[in-house]
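A.B. asks: The structure under discussion is supplied below as C-alpha cells; questions concerning it will follow.
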Amino acid sequence: MATETAPPPLSKNEQKRAKRKQEKARKVKLEFTRLLLESGTNPNTTDGSRINTTTNSSGAGKASRSRRAQRGEVAVGSSANHRPCGGAPVNVLPNHEEVVLGLDEFETLARIKFRPAMLQRKLVVTDNHGTMEQIPTTSENCAVPVEQTILRVDSNTGVCSFSECNLRSFSISQIPLTVGVTLGLITNLNLSRNEIWNLPDLSGLANVATLDLSRNWFRDIPESISTLQNLSSLLFRHNMLTSSRDSLKIDALKTLPKLAFLDLSCNKRCGHQDCAELLRKEIPQLEELKMTITCPRPEGTFVGATPAERDATLLRSQLEPWSTSALRHRLVADFGMDAPGEDMNRSEVMSQLLKLYKEEGNARTVVKVEGIPIDETLVKELLVALRSWSDEAIGGNQERRSINAKNYMILTAPAELDIGSKNAYKAVLKLSAHKLIWDLAQKAMMSVDPDFAKNYTALAVTHGFHGSPHIDRQNIGPFYGLSLGNFEEGTGGICVECSARIVASVNTKNRLAKVDGRNPHWVAPYDLQTERHSLIFYQTAGEREPVGPAIFQIPVIA
C-alpha cells in the first residue's frame, strides 16, 4: 500500500516570505475593516461572503430564466412590462398610471398624425421565446400541456412534433405510440419552442433524419445526438450556444455521416467567422451551414463601435442601443408593418425602420420634465468637491470607456463589497479617498428620496459626459441623475426615449431626476467649453423591478 510522502520542509527564505505574506494579509484585513467602519458599515454584519443581504438579482432574460429553472426555482417568468408587444399599456403600477397613460396619449397623437388607422399599437403575436412568427394552431403545433396532447406521430409523414408544449425535459417515453406506430417510423422530430436544456439517450430513434431543437435553453449541443446516424438536418436556432468546440460538440457532429444541413442562427454568442470556418473544415459532409455572423461585425450592422463614438443628435444613434429583436417589434407594433423575416439582418431592419421615420419627417415629439431642485448650499459644496476631483483626475480616470467623458469614476456602496477580494479592497480605498463626494451625494439623495438613498448600490461620478446613447442593462431598476456646473440652463440634461415617437428631455441641472435607464438615454447637447459634472445613483443588486415608464413625472410638450 502506497504511503503519502510528507512535503519537503520550507527553506529559511521561504519561511520568511510566507511570514511576510501572512503579516501583509493581516494588515490588509485590519485596514479593510477600518475603512468599512469609516464609511459607516459594520464589518460584523457579514456572513463571510457579502455584507449586504440584497443580492438576489433576478434577471428577466432568457439566459437568467434558464439558470433559475435549472436550479429548481419554480417561478421563472419574465418580468412584467407595461409596454407589451403592441396593444394598450398593461400591468401598470398604480403610482405610474398617470404618467404611463399620459405618455401613451402623446404617442397615439404622434402616430395617428401619419398613420390615422393605428389608434392603438398593433398587437404582435409572440411565442414563449419572443419570436413574432405566428404559431400554427393545428393539432401538431398547439401550446398545451403535453399530458393533454393528442396523437403526435404521423405515420404517413414520419413527423413527431412536440413544438410549443411547455416542456422543460423530454424523453422517448413521452412519444405516444398506438397500434401500427413505432419509433422506427419517426423521421422528423420537432422539439422546438420549449424550454429544454438537455436530451436523454436517443438511440431508439435510429431513423430520425431531421431534428429541430430551435428556441430552447441549450448551452451545448447534447452528446446524445451522436446516436442518430441517419440525421441529415439539425436545427439549433435561438438557443444559447457559444463558439467553443465543447459547446458545439464538434467531435460528436463529425460522427454523423449524413449530416448535410446545420442551422445555428441567432445564437448570440455563437457568431464568430472563425467558428464557421472550423465547422466547415472539420465536418466535410456538411453541405449547408447557417450562422448569424457577429464577429467581425458585418458592415452596416452598427454606427460606431461604442456609444462614445455615436452622434447623439442622429436618430439612428438613438436607436442603436435597442436589440435587433426590439427593432423588429417596433416595425410591427409601432408602424404596422408585417413581421420581417428572420433572415433579415440588423442593418436591413434598421434601414427599413429609418425609412418609415423619414416618412414621418424624422422628428420625434420632445416632452419636458423638471427634476427636483437641490439645496443651493449643498450644490456649492458638491461643486467644490467635484472640481477638486476632476482637477486631480484629468487624463487618468476613465472607468467606462464606452462613454464619452473626460472623467468617469464608479464608487461602490460598502455594503456591496466582497470582504475578501482585492477588487473590494481597492474599491473601499477609492471610496475612502472620495468619501466627501459620497457623503454629499448621499445627503442630496436623502433630501429627495430617502428610500432610494438606502438602496442604491453605486454612484457614477462624471466630468464632461456628453452624448453616448446607451441602455444600462446591468441596472435592476430606475436611476437618479444630477448635473452641476456652469453650462447653460436648459441644456446638458438627460434625454430618454419614452416610446417610438416620444423623447423626454429631463432637466437635471442642480436637480435630481428619476429615469429608467433600461430605455435608450443620452446626455443632451451643451457647450463643451463649459463645465458639466454629474452624479448617477443606480442599483445593480436586489430584486429586479419591472420596466416601467422611462420618466416618473407628468411631462409637458417642449
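The values are calculated or read from the model by the stated rules, or taken from the named source; none is laboratory data. Treat the numbers as computed from the prediction; the structure is a model and nothing was measured. Don't worry about glycine lacking a Cβ; one is built from the backbone with ideal geometry, like all the others, and counts go over all protein chains shown. Note: accessible area is taken over every heavy atom of the protein model, side chains too, but ligands, DNA and RNA are not part of it. Shrake-Rupley method; radii C 1.70, N 1.55, O 1.52, S 1.80 Å.
A.B. asks: Looking only at segment 169-201, count how many residues are open to solvent by less than 40 Å² (accessible area, probe 1.4 Å) and of a type in the set (Phe, Trp, Tyr).
C.D. replies: 1
A.B. asks: Pick from segment 533-554 the residues that are open to solvent by 10 Å² or more (accessible area, probe 1.4 Å) and over 20 Å from the mean Cα position of the chain (by Cα): which of them is farthest from residue 390 (Cα to Cα)?
C.D. replies: This residue is 554.
A.B. asks: Something else: Kindly state which helices (runs of 4 or more DSSP H) lie completely within segment 192-305 and contain at least 1 residues that are among the acidic types (Asp, Glu), in contact (Cβ under 8 Å) with a residue 12 or more places away in the chain and touching a strand residue (DSSP E or B) at 6+ places or on another chain (Cβ under 9 Å).
C.D. replies: In segment 192-305, the matching helices (runs of 4 or more DSSP H) lie at 273-282.
A.B. asks: Continuing with this model, one more query. Just the residues that are open to solvent by 60 Å² or more (accessible area, probe 1.4 Å) and on the phi < 0 side of the Ramachandran plot, please, taken from segment 389-413.
C.D. replies: Residues of segment 389-413 open to solvent by 60 Å² or more (accessible area, probe 1.4 Å): 391-392, 394-396, 399, 401, 406.
If the condition is that a residue be open to solvent by 60 Å² or more (accessible area, probe 1.4 Å) and on the phi < 0 side of the Ramachandran plot, then 391, 392, 394, 396, 399, 401, 406 are the ones that fit.
For every residue, the table says whether it meets (1) modelled with pLDDT of 95 or more; (2) of a type in the set (Gly, Ala, Ser); (3) open to solvent by 50 Å² or more (accessible area, probe 1.4 Å); (4) farther than 25 Å from residue 407 by Cα.
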| position | (1), (2), (3), (4) |
| --- | --- |
| 286 | yes, no, no, yes |
| 289 | yes, no, no, yes |
| 294 | no, no, yes, yes |
| 301 | no, no, no, yes |
| 315 | yes, no, no, yes |
| 326 | no, yes, no, yes |
| 338 | no, no, yes, yes |
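A.B. asks: Scan segment 228-237 residue by residue and report those that are modelled with pLDDT of 95 or more and either at positive phi or not aliphatic (A, V, I, L, M) (or both). First the steps, then the outcome.
C.D. replies: Going through segment 228-237, the residues modelled with pLDDT of 95 or more turn out to be 228-236.
Selection gives 229, 230, 232, 233, 236.
A.B. asks: Working carefully through the options 166, 156, find the one that is over 22 Å from residue 227 (Cα atoms), free of Cβ contacts under 8 Å to residues at least 12 places away in the same chain, part of a loop (DSSP other than H, G, I, E, B) and open to solvent by 40 Å² or more (accessible area, probe 1.4 Å).
C.D. replies: Details: 166 fails: free of Cβ contacts under 8 Å to residues at least 12 places away in the same chain.
The conditions single out 156.
A.B. asks: Just give me the residues in segment 453-485 being of a type in the set (A, V, I, L, M) and outside any strand (DSSP E or B), in sequence order. Steps first, answer last, please.
C.D. replies: As a first pass, look at segment 453-485 and keep what is of a type in the set (A, V, I, L, M): 453, 458-461, 471, 476, 482, 484.
Of everything in segment 453-485, those that are of a type in the set (A, V, I, L, M) and outside any strand (DSSP E or B) turn out to be 453, 471, 476.
A.B. asks: Which residues, taken from segment 424-439, are in contact with a strand residue (DSSP E or B) (Cβ under 9 Å, 6 or more places away or on another chain) and within 17 Å of residue 379 (Cβ to Cβ)?
C.D. replies: Correct list: 437, 438.
A.B. asks: Name the strands (runs of 3 or more DSSP E) wholly within segment 494-558 that hold at least 3 residues that are of a type outside the set (D, E, K, R), at pLDDT 95 or above and under 26 Å from residue 381 (Cβ atoms)?
C.D. replies: Details: elements: 494-497, 502-507, 511-515, 521-523, 533-538.
The strands (runs of 3 or more DSSP E) meeting that bar are 511-515, 533-538.
A.B. asks: Just the residues that are hydrophobic (A, V, I, L, M, F, W, C), within 13 Å of residue 350 (Cβ to Cβ) and part of a helix (DSSP H, G or I), please, taken from segment 306-329. It would help to see each step written out before you state the result.
C.D. replies: Initially, segment 306-329 is screened for residues hydrophobic (A, V, I, L, M, F, W, C), giving 308, 312, 314-315, 319, 322, 326-327.
Right, trim to within 13 Å of residue 350 (Cβ to Cβ) and you get 314-315, 319, 322, 326-327.
Residues satisfying the conditions are 315, 319, 326, 327.
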